[in-house]
1. Can you tell me how many residues within region 145-200 are β-branched (V, I, T) and without any contact (Cβ under 8 Å) to a residue 24 or more places away in the chain?
2. Residues that are modelled with pLDDT of 90 or more, buried (at least 17 other Cβ atoms within 10 Å of the Cβ), within 13 Å of V180 (Cα to Cα) and touching a strand residue (DSSP E or B) at 6+ places or on another chain (Cβ under 9 Å): does region 242-250 have at least one?
3. Looking at the structure I just gave you, is N232 over 21 Å from R151 (Cβ atoms), open to solvent by 30 Å² or more (accessible area, probe 1.4 Å) and touching a residue at least 40 places away in the same chain (Cβ under 8 Å)?
4. Somewhere in region 107-123, is a residue under 23 Å from V222 (Cβ atoms), assigned to a helix (DSSP H, G or I) and free of Cβ contacts under 8 Å to residues at least 24 places away in the same chain?
5. Out of the residues in region 284-305 that are in a loop (DSSP other than H, G, I, E, B) and surrounded by 13 or more Cβ atoms within 10 Å (Cβ to Cβ), which is modelled with the highest pLDDT?
6. If I filter region 178-200 for residues that are closer than 23 Å to N262 by Cα, basic (K, R) and part of a loop (DSSP other than H, G, I, E, B), do I get at least one hit?
7. Filtering region 251-273 down to residues that are acidic (D, E) and open to solvent by 40 Å² or more (accessible area, probe 1.4 Å), which residue is farthest from C174 (Cα to Cα)?
8. Does region 54-98 hold any residues that are more than 18 Å from G287 (Cβ to Cβ) and at pLDDT 85 or above, and which are they?
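The values are calculated or read from the model by the stated rules, or taken from the named source; none is laboratory data. Keep in mind it's a predicted model, so treat the numbers as computed, not measured. Cβ placement follows ideal geometry from the backbone for every residue including glycine, while neighbour counts extend to all protein chains displayed. What goes into the accessible areas is simple: the full protein's heavy atoms, side chains included, and nothing from ligands, DNA or RNA. Shrake-Rupley method; radii C 1.70, N 1.55, O 1.52, S 1.80 Å.
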Amino acid sequence: NDTWRSLSTSEHQLQDTIFQKTHHPATKLAELPTQMNRAPNQVFILLVGLTGAGKSSTVDYLLGTNIGETKLLQSEERSTIEYAVKLKSTKYKIPDIQLSIINTPGLSDTNGLEQDARNIMSIKYFLESNSNIRNRYPNLVMMILNINDNRFTGHSSSLAQFLIGINDINAIDCINPNVVVVLTHAMSIARDPKIWENKVEMKKLQFRAMIRGYLGIYPEIVVLENQPESYNLERDGDCYRLPNGDKQAEIFYQACEKIFKNAKDEIGHKAVEICVRTDIDKSVETGTTVSSLSVKTEDIAAIQMLLLNKDETGLASEVFSKLDNYKNQQCDVSDERKEGLNSPVEMVKEHKQDECTGATESIDSISQNDPDQELNLVDKSKTKCSCCLCCFHEDSLYTPNQPNE
């Protein structure tokens, strides 16, 4: 079909088009996301993170947009703001795919818990007020976090409260996870390549454990250096090589591709694929804005109570136990033994090879997706190591509905 056609403006219109058996690529592109509870006519990327992580600058770097410049022209502070980009798909003959990047206020606000509650509710108000995403999930939730942020230890930490708040806005798809974590300022933790790789892997394990504990999913996690030239990173085409050989921002695109393919989200995949091109206009236009000042008093109080609740979930308690075990393991050994202590990278590799020799405990078959779904261990004879954090590696814990390897 050589006719250009816009995506359906609503699910009702989409169903009419399907009923009329109108065979056009745009129809198929919009039909699949609705089955996975995504919008049929628009792509949404939700940006969230703690203050100071650089959400706008990071997404501008990764997608080539100009949100940071647009924000400078606005007076809106502590608001959830939609920035829309119009994209054209030649492959699917669609002239106007709209990619909406939802920029949100940073949490752990200097104005305290009440402002955090306002910021969280402004996100929730936005998702509930936009008819295209109401009762649906964003195609992608980008969590932008500074890799050096020390505000993540313990249930009362800023990261824990951030995750509790994010969980409350109903943006996380636990069946087909839609979260990619971008750890910024990656080169600031070490210069030596081996030390850098070990520290990065440790940070990934810690963040993965926290997110698993509070959101019940395993996110995709990538690292990014915001100032690659300052650290003399090797240039490789349009990318920079990190000390472990990974190409930024190629690893980000690969993580997004994995999320979209898992959710059969072709429209999200296509929108990001087009947006990363350098030969098109990606100027953003401001759409819906929800100010934190518009949040109702009763909603502020409800979120504050939620954030102040110190009762740890069973899974979160397990997370902190693992973190403490690993820290104690490092603190209790002598300097000589520390030299022989496995690095996070080696721990993960050894665990994958079934050579981890620490104390073990049995695994409860708790599904990370559907509680009614039958869950199999990769090998039911294996157990979960309790001496380190390698059990939180996404490839070494639970695998739903897969035959034993």
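1. Residues in region 145-200 being β-branched (V, I, T) and without any contact (Cβ under 8 Å) to a residue 24 or more places away in the chain: 1 in total.
2. no
3. no
4. No: region 107-123 contains no residue that is under 23 Å from V222 (Cβ atoms), assigned to a helix (DSSP H, G or I) and free of Cβ contacts under 8 Å to residues at least 24 places away in the same chain.
5. Step one: of region 284-305, the residues in a loop (DSSP other than H, G, I, E, B) are 284, 295-296.
Still in the list and also surrounded by 13 or more Cβ atoms within 10 Å (Cβ to Cβ): 284, 295.
On the way: V284: 88, V295: 95.
Checking each candidate, the answer is V295.
6. Within region 178-200, the subset closer than 23 Å to N262 by Cα is 178-183.
Filter again for basic (K, R), leaving none.
Looking through region 178-200, none of the residues is closer than 23 Å to N262 by Cα, basic (K, R) and part of a loop (DSSP other than H, G, I, E, B).
7. Checking each candidate, the answer is E273.
8. Once the filter is applied, which keeps residues that are more than 18 Å from G287 (Cβ to Cβ) and at pLDDT 85 or above, region 54-98 yields G54, S57, T58, Y61, L62, G64, K88.
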